[in-house]
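Student: Dropping a structure here in structure tokens format, bear with me for questions.
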Amino acid sequence: MPLNRRTFLERSAAAGAGVAIAGSAAAPAAADEPGRGHGHGRPPKRYSFTVMGTTDLHGNVFNWDYFTDKEFDDKAHNDVGLAKISTLVNRVREEKGRRNTLLIDAGDTIQGTQLSYYYAKVDPITAERGPVHPMAQAMNAIGYDAAALGNHEFNYGIPVLRKFEEQCDFPLLGANALDAKTLRPAFAPYSMHRLRTPHGRDVRVAVLGLTNPGIAIWDKQNVSGKMIFPGLEEQAAKWVPKLRSMGADVVIVSAHSGSSGTSSYGDQLPYIENAAGLVAEQVPGIDAILVGHAHTEIAEYFVANKETGKQVVLSEPLKWGQRLTLFDFDLVWEKGRWTVEKVGAQVLNSNTVAEDEEITRLLGDEHEKVVAYVNQVIGTSTVAMSTADAPWKDEPIIDLINHVQAETVKAALAGGQWAALPVLSQASCFSRTAAIPAGDVTIRDAAGLYPFENTLEARLVTGAQLREYLEFSARYYVQTPAGAPVDTSKLTNAGGTPDYNYDAVSGVTYEVDIAKPAGSRIVNLSFEGRPIDPAARFVLAVNNYRASGGGNFPHIARAQQLWANSEEIRNTIISWVQAQGTVDPASFASVGWKLTRDGAPVF
């Protein structure tokens, strides 16, 4: 497999960024004119430049929510999309001078909206004479210099990713994405950029791309036997000295990895999922890290390197194009080389600017195609259903997901050795604003229940394992004594547990006693009216994220896999609605679980 299909990238003379080289340690570094320092009373030569960064764009070009079919909005009134980012980028380039800027991304680019789904599955970019991916079109037009690979880049399979890579005018970087057979980088590990200074001595800026080791489990079906993903720290320790020896004056890491030092996949891999802070701490020679993956906002965060004591600046702009990070570098020419004297970071909010009309015009046709697609009517519903209360009540809309999943697994196992076992199902409330209206149901209504590209599996579990699984899930609730008032705004997400890591399981009945401490909350766990035998065996319909260790739920990642497919769960839901014609909760909904305190229902 070639290291990178685009080894040398020419930037326009107007951009003034010179040649950007993406590749291996063998890539040549041009020699600068030797300097004499700033002796003899002359003031030192100085140069400043700015590196702009985005991350976790997740298919957002427009400030538009395809699931609600209207302009995006949230409680904080954030805006989203590359069209907004483009306006901010243009302003920074005008202020700093384009030749004094670079623009990079930290991954998760081609998955997340119906726009990105459409061009991966409905009108795929991999088709003969297929379209150019909207994210490639937008990022090319804006003028990105490099982008790290995110884990969601692999959701649609390697052929889609390779086609997207081919369509980009900038390199996709992943120093720790290795070919499984040769152990050589499967993508460009880094890119090298030359910034022309007024002093006749260029500044060489290296961007090292690192992606998430969790790809090996989250997208096992797509990458197993093809690529491996070692830890960020060990690969950074390998590549940063090489980049310095090649003449890099500044080293920036673009890491699709949060800064917290935690992992959601437990001991499934020997690597840390959110390792950006550890990279700064353990690997000398890094000046700044653009952080991604965690979907949090970190304007500026300094980590001291243990070996050198040097302060490394980290910044993570908020997801979906809601923020743009600016790393501002001040350099001084000393002893024949450029040295970083000072670097700081800040974020700009995309809700302060209008969309760039150049970008919205460029992709207007693609946007309209997707709007028409998601508004296709596929059935009707007898009642309106919503996820508004689903984090604390067993709601019919979550039962719908579980019903479709269980029915799909039952059909798949019919006639086989596992057909006689009862099928349970897990589902989470991914969005508190998802809804199925009474009357016409569209693709966007059904797809809104499942915004992720998860696929479905069947795993074998025992009654004892199921109880531990549910106890782990119930950590989600804040312990609330009997008799104390219940405020739903403060009841959930204990310990920072996100909504998507709280699972409701259908096919059994149980209570979650929130007055009890985490670990001893599951009460009256029953199957068909009788307490569950710890040795009883069940089939659990489960999404591939959870089955591969996502969320670090007990037992499930090591449980025997009985069946799996590659069809996205949301497409299975869409197909089910189309086949049924009518969605009637009376045929599938029931109250299987409820919150209690000392036996008394909370709601």
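Student: Hey, got the Cα dimensions of region 444-603 along the principal axes, in Å, largest first?
Tutor: For region 444-603, the Cα extents along the three principal axes come out at 46, 36, 33 Å.
Student: A follow-up question, please. Report Rg(Cα)/(2.2 N^0.38 Å) for region 284-339, keeping two decimals. Don't skip to the end; give the middle numbers.
Tutor: Working: Rg = 13.7 Å, N = 56, 2.2 N^0.38 = 10.2 Å.
Output field value: 1.35.
Student: Please figure out what share of the DSSP beta bridges in the chain is antiparallel and state it in percent, rounded to the nearest 5.
Tutor: Details: 70 of 102 bridges.
Roughly 70 percent of the DSSP beta bridges within the chain come out antiparallel.
Student: Further question on the same structure: At q = 0.15 Å⁻¹, what base-10 log of I(q)/I(0) does the Debye formula yield for region 184-330 when every alpha carbon is treated as an equal point scatterer in vacuo?
Tutor: Values returned for q = 0.15 Å⁻¹ are -0.79.
Student: If the cut-off is 15 Å between C-alpha atoms, which aspartates and glutamates fall inside it for Lys369, apart from same-chain ones fewer than 8 positions away?
Tutor: Asp65, Asp69, Asp123
Student: Relative to the Cα centre, what is the charge dipole magnitude of region 520-599, using +1 at the beta carbon of each Lys and Arg, -1 at the beta carbon of each Asp and Glu, and rounding to the nearest 20 debye? Could the numbers behind the result be given before it?
Tutor: Details: 8 positive and 6 negative charges, 63 e Å.
Result for region 520-599 is approximately 300 debye, rounded to the nearest 20.
Student: Compute and list, largest first, the equivalent-ellipsoid semi-axes of region 308-356 from the alpha carbon gyration tensor, each √(5λ) rounded to a whole angstrom. Show your work: numbers first, answer last.
Tutor: Details: eigenvalues 185, 35, 9 Å².
Output for region 308-356: semi-axes of 30, 13, 7 Å.
Student: Would you please state the base-10 log of I(q)/I(0) at q = 0.25 1/Å for region 182-237, with intensities from the Debye formula using one equal scatterer on every alpha carbon?
Tutor: -1.04
Student: What do you get when you divide the Cα radius of gyration of the chain by 2.2 N^0.38 Å, with N the number of residues? Each step should come with its number before you reach the end.
Tutor: Numbers: Rg = 25.7 Å, N = 603, 2.2 N^0.38 = 25.1 Å.
The value comes to 1.02.
Student: Compute the normalised compactness of region 96-213: alpha-carbon radius of gyration over 2.2 N^0.38 Å, N being the residue count.
Tutor: 1.17
Student: Something else about it: Under the rule a/c < 1.5 gives rounded, and otherwise a/b versus b/c splits prolate from oblate, where does region 220-306 land using the Cα gyration tensor?
Tutor: On the way: a/c = 1.99, a/b = 1.30, b/c = 1.53.
Since a/c reaches 1.5 but b/c is at least a/b, the shape of region 220-306 is classed as oblate.
Student: Can I ask one more? Taking 26 Å as the cut-off for C-alpha to C-alpha distance, list the pairs among Lys163/Lys238; Lys75/Lys490; Lys220/Lys306; Lys393/Lys490 that go past it.
Tutor: Numbers: Lys163/Lys238 28 Å; Lys75/Lys490 16 Å; Lys220/Lys306 35 Å; Lys393/Lys490 15 Å.
The pairs that break the limit, which is 26 Å between Cα atoms, are Lys163/Lys238; Lys220/Lys306.
Student: Another question, if that's okay. With n ≥ 4 as the cut-off for DSSP H runs, can you work out [θ] at 222 nm for the chain, using -39500 (n - 2.57) per run divided by the number of residues, rounded to the nearest 500? Each step should come with its number before you reach the end.
Tutor: Numbers: 16 runs with 138 residues, N = 603.
Result for the chain: -6500 deg cm²/dmol, rounded to the nearest 500.
Student: Okay, next question. How many Å² of accessible area per residue for region 143-276, probe 1.4 Å? Intermediate results must be reported in sequence, preceding the final value.
Tutor: On the way: 3770 Å² over 134 residues.
On a per-residue basis, 28 Å².
Student: Rolling a 1.4 angstrom probe over the protein heavy atoms, how many square angstrom per residue are accessible across region 446-583? Before the final figure, lay out each step's value.
Tutor: On the way: 5430 Å² over 138 residues.
Counting only protein heavy atoms, the per-residue value for region 446-583 is 39 Å².
Student: How would you order 344-352, 556-564, 190-198 from highest to lowest mean count of nearby Cβ atoms within 10 Å?
Tutor: On the way: 344-352: 18.1, 556-564: 16.1, 190-198: 21.7.
Packing proxy ranking, top to bottom: 190-198, 344-352, 556-564.
Student: Charges only on Cβ, +1 for Lys and Arg, -1 for Asp and Glu: so what's the dipole of the chain about the Cα centre, in debye to the nearest 20?
Tutor: Here the size comes out at about 1900 debye.
Student: Another question, then. Would you work out which of Ser386, Trp593, Ser116 lies farthest towards the positive end of the dipole of the chain? Charges go on Cβ: Lys and Arg +1, Asp and Glu -1.
Tutor: It is Ser116, whose Cα lies furthest towards the positive end.
Student: Taking every pair of distinct Cα atoms and averaging 1/r, then inverting, what Kirkwood hydrodynamic radius in Å comes out for region 330-425? Please report the intermediate quantities before stating the final value.
Tutor: Working: mean 1/r = 0.0481 Å⁻¹.
Computed over Cα pairs of region 330-425, the Kirkwood hydrodynamic radius comes out at 20.8 Å.
Student: Can I ask one more? Measuring with a 1.4 Å probe in the full set of protein chains, what accessible area per residue, in whole Å², belongs to region 290-429? If you can, show how the numbers build up before the last one.
Tutor: On the way: 5950 Å² over 140 residues.
Value returned for region 290-429: 43 Å² of accessible area per residue.
Student: Then there is this: Where does helix 463-473 land angle-wise versus the long Cα axis of the chain, in degrees 0 to 90, nearest 10?
Tutor: Helix 463-473 and the main axis of the chain meet at about 50 degrees.
Student: How much length, in nm to one decimal, is gained on full extension between Lys70 and Thr339, taken as 0.36 nm per residue of separation minus their Cα-Cα distance?
Tutor: On the way: separation 269, 0.36 × 269 = 96.84 nm, distance 4.84 nm.
Extra length from Lys70 to Thr339 when fully extended: 92.0 nm.
Student: How large a share of the accessible area of the chain, in percent, is made up of carbon and sulfur atoms when the probe is 1.4 Å and the other protein chains stay in place? Can you show the working numbers first?
Tutor: Details: 11670 of 23390 Å².
Carbon and sulfur together cover 50 percent of it.
The values are calculated or read from the model by the stated rules, or taken from the named source; none is laboratory data. None of these values were measured; they are calculated from a predicted model. Neighbour counts are summed over all protein chains in view; Cβ atoms, including those assigned to glycine, are modelled from backbone coordinates with ideal geometry. These accessible areas exclude ligands, DNA and RNA; they are computed on the full protein's heavy atoms, side chains included. Shrake-Rupley method; radii C 1.70, N 1.55, O 1.52, S 1.80 Å.
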